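The values are calculated or read from the model by the stated rules, or taken from the named source; none is laboratory data. Every value quoted in this text rests on a predicted model; they were computed, and no experiment measured them. Here the Cβ positions follow ideal geometry from the backbone for every residue, glycine too, while neighbour counts run over all protein chains shown. The accessibility values were calculated without ligands, DNA or RNA, using every heavy atom of the protein model including side chains. Shrake-Rupley method; radii C 1.70, N 1.55, O 1.52, S 1.80 Å.
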Amino acid sequence: MAKRDYYEVLGVAKGASADEIKKGYRKKAKELHPDRNADNPKAESQFKEANEAYEVLKDADKKAAYDRYGHAAFEGGMGGGGGRPGGGFGGGQGDFSSAFSDVFDDLFGDFMGQRGGQGGGRRAARGADLRYNLRVTLEEAFSGMQKSINVPTSVQCDNCSGSGAEGGAEPTTCPTCSGMGKVRAQQGFFTVERTCPTCSGMGQIVKNPCNVCRGAGRVEKERSLNVNIPAGVETGTRIRLGGEGEAGMRGGPSGDLYIFIEVAEHELFDRDGPNLFCRVPVSMSTAALGGNIEVPTIDGGRGRVSIPSGSQSGRQMRLRGKGMPPLRGGGVGDMIIELAVETPVNLTARQKELLQEFQDLSSENNPESSSFFSSVKSFWDSMKG
C-alpha cells in the first residue's frame, strides 16, 4: 500500500512553515491518540503515521529531501547528507518518542498549572486556603459587628524571610529536574512525567536550610484578626479575606481565609430569610375580648399590637420593617406575630364556677366548634345508614 503524502497526513499545505507543521501534528496527536480512541482499531496506526510524517517534516534537512524526492528520499540511501549510517535519513517508522516529546509540553504542559521548559518549575508554592467557622447571635447578625478571631495558620518565617535558607540565602536550581519541578521517563512509546523527587516539584533546593522553619519558609503560629461582619448575614454566608490564609512555601503568595457564618438560634425569634417570627401567648380573655399587647423587637425596642376580639390561636399580625436588614439589596424584612391562646390552669373554685356559667351561656358563640360537631353528627348518621 502506497504511503500517503506527509503534508496530507498532518493536514497542512506543502511549503508550510515549521510552526504550522508543529501545530498540524499537535492537532493530529490529540485527535488520534490511542488513549482517546479505544473503540477505533485504526487510531494507533494513524497515530504512528502522523508521528512518522512529523519526524521527517520537523527536520529542515529531511524536509528538503522529502520536498525534492518524496518518499524515495528515504529509500535506497538517497539524500545521504546528515542522514543515519547506511545512507538516507532513517525516516522509516520514525522515532516515536522523539517526535511525541517535541509536542509533549504543548499537549500536557498546562497540567498542574505550569509549562515545561527551563526554569518552568514552581519557584514558590501558594499557601493553602483556610476555613474558619464563626458563630454569631441573631442580634449580631441584625446590627453587624467587628469580631476578633484567633486563627491557627502558617506564617512567613522571620528568620529566613520566607526563603527557607539560613541567613535568607536564595535557593539553588534543582540539579535533578533543572528547575522544571518535574522529570520525564520513557515507557515504551510513551513519555511519562512525574513530580521531581529531589525538590518535590519546587524546582529549587535549599542547601543550607533555615534552622527555624527547616527549609519550608514558614512556621506554625496563631494569628489574631479583626473581621467585619456586615448586617444581615445568615447561616451559610461566606466572607473572604484575601491573603489571610496559610503563607506560601519559600516566599510564595499566601492563600485566602474563608469565614463561614452560623447564626445561633434565638429564644424569642425564628428567622426565615429577611422575616422574623415571634410566637406570643395571650390569655383566653384577651383573645375573646380583644386588647393591646407589647412585643419585643430585634433592635431591643418594643412594638404595640392590637388583638382583635375573637382571635384564635395561630392568627398572625405583621409589624412592617421590624425584621432583618438586607445583606445584598432588597428591603428590610417584617416581624410576624403569631398568637397562641393560652388556657388557664390551677383554677380556684370561684373561677371554675364562673367558667361553667360562661360555658352554659356560650354554646352559640363558638362557630368553629358548632360547625365541627355538626359535621361529626352527619358523618355518624351516614355511617349508620
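Among the residues of the stretch 133-163, which ones are under 17 Å from Arg223 (Cα atoms), hydroxyl-bearing (Ser, Thr, Tyr) and buried (at least 19 other Cβ atoms within 10 Å of the Cβ)?
Thr153, Ser154
Taking the stretch 273-290 as the search range and keeping residues that are closer than 30 Å to Gly331 by Cα and either part of a helix (DSSP H, G or I) or of a type outside the set (A, V, I, L, M) (or both), which one is most open to solvent (accessible area, probe 1.4 Å)? Lay out the reasoning, then the answer.
Looking only at the stretch 273-290, we keep the residues that are closer than 30 Å to Gly331 by Cα, and these are 273-281.
After this cut, where a residue has to be either part of a helix (DSSP H, G or I) or of a type outside the set (A, V, I, L, M) (or both) as well, the list is 273-275, 277-279, 281.
Values: Gly273: 28, Pro274: 65, Asn275: 42, Phe277: 67, Cys278: 8, Arg279: 167, Pro281: 82 Å².
For the stretch 273-290, the residue satisfying everything is Arg279.
Of all the residues that make up the stretch 197-236, how many are of a type in the set (A, V, I, L, M, F, W, C), touching a strand residue (DSSP E or B) at 6+ places or on another chain (Cβ under 7 Å), over 25 Å from Val183 (Cα atoms) and in contact (Cβ under 8 Å) with a residue 60 or more places away in the chain?
Number of matching residues: 5.
Do the conditions hold for Arg194, that is, is it part of a strand (DSSP E or B), closer than 29 Å to Ala165 by Cβ, over 25 Å from the mean Cα position of the chain (by Cα) and touching a residue at least 40 places away in the same chain (Cβ under 8 Å)?
Here the answer is no, as Arg194 does not meet what is asked.
Which of the residues spanning the stretch 207-225 are surrounded by 13 or more Cβ atoms within 10 Å (Cβ to Cβ) and part of a strand (DSSP E or B)?
Pro209, Arg218, Val219, Lys221, Arg223, Leu225, listed by residue number.
Do you know which of the residues in the stretch 164-196 that are on the phi > 0 side of the Ramachandran plot and open to solvent by 40 Å² or more (accessible area, probe 1.4 Å) is modelled with the lowest pLDDT?
So the residue we want is Gly188.
Test Ile307 against the criterion of being free of Cβ contacts under 8 Å to residues at least 60 places away in the same chain and of a type in the set (Val, Ile, Thr), and give yes or no.
yes
Among the β-branched types (Val, Ile, Thr) and under 30 Å from Met145 (Cβ atoms): which single residue out of Val341, Val280, Val376, Val345 fits that description?
Answer to the check: Val280.
State which residue is nearest to Glu49 (Cα to Cα) when the search covers only the stretch 8-35 and only residues that are out of contact with any Gly (no Cβ under 6 Å at 6 or more places or on another chain) and among the aliphatic types (A, V, I, L, M).
Val9
Being part of a strand (DSSP E or B), surrounded by 11 or more Cβ atoms within 10 Å (Cβ to Cβ), of a type in the set (Val, Ile, Thr) and at pLDDT 95 or above narrows it down to one of Ile293, Ile336, so name that one.
Details: Ile293 fails: at pLDDT 95 or above.
From the options Ile293, Ile336, the qualifying one is Ile336.
Out of the stretch 1-27, which residues are charged (D, E, K, R) and either without any contact (Cβ under 8 Å) to a residue 24 or more places away in the chain or under 18 Å from Ala64 (Cβ atoms) (or both)?
Residues satisfying the conditions are Asp5, Glu8, Lys14, Asp19, Glu20, Lys22, Lys23, Lys27.
Quick one: in the stretch 197-206, of everything that is within 26 Å of the chain's Cα centre (by Cα) and open to solvent by less than 60 Å² (accessible area, probe 1.4 Å), which residue is farthest from Arg126 (Cα to Cα)?
Gly201
Examine the stretch 340-356 for a residue that is under 26 Å from His266 (Cβ atoms), open to solvent by less than 40 Å² (accessible area, probe 1.4 Å) and either hydrophobic (A, V, I, L, M, F, W, C) or touching a Pro at 6+ places or on another chain (Cβ under 8 Å) (or both), and state whether such a residue exists.
yes
Quick check: anything in the stretch 318-332 buried (at least 16 other Cβ atoms within 10 Å of the Cβ) and assigned to a strand (DSSP E or B)?
Yes, there is a match, as at least one residue in the stretch 318-332 is buried (at least 16 other Cβ atoms within 10 Å of the Cβ) and assigned to a strand (DSSP E or B).
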